Amino acid sequence: MPSIFFVEPDGTEQQVDVEPGTSVMMAAQQHGIEGIVADCGGACSCATCHVYVEERLQGRFAPVGSFEDELLDTTACERLPNSRLSCQLTMSDETDGVRIEVPESQM
Ligand code: FES
């Protein structure tokens, strides 16, 4: 079962184990990770599930899609090269142990 290490803006880290196929956004919602708002429920239309993905494993997720790319330009916190929308990140054994940084704000 792949693990995600969520790192909150204050440095607090929480490990969450998920079934393969679970999105990072859904994992955050199910485990009470604050700071991932996910207003649209994963429909890739709100940009309030913005996260920063550990560079080491960044390439193991599906690449940024065109809708996601447009939305990433509207995030509340700065877009960085490792910015992603967490509803578009599907966990698998390939991404086991990934560190996901939660930005300071989503609005
Ligand atoms: S939950 Fe709305 S874009 Fe990801």
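Values quoted throughout were computed directly from the atomic coordinates according to the rules given, and no laboratory measurement underlies them. Because the structure is predicted, anything quoted here is derived from the model rather than measured. Glycine gets a Cβ as well: all are built from the backbone with ideal geometry, and neighbour counts include every protein chain shown.
General remarks:
- Scan segment 39-52 for residues that are buried (at least 20 other Cβ atoms within 10 Å of the Cβ) and among the small types (G, A, S) and the total you get is 1.
- Elements of type helices (runs of 4 or more DSSP H) contained in the chain, each with 3 or more residues being within 12 Å of the ligand (Cβ to nearest atom): 24-30, 66-72
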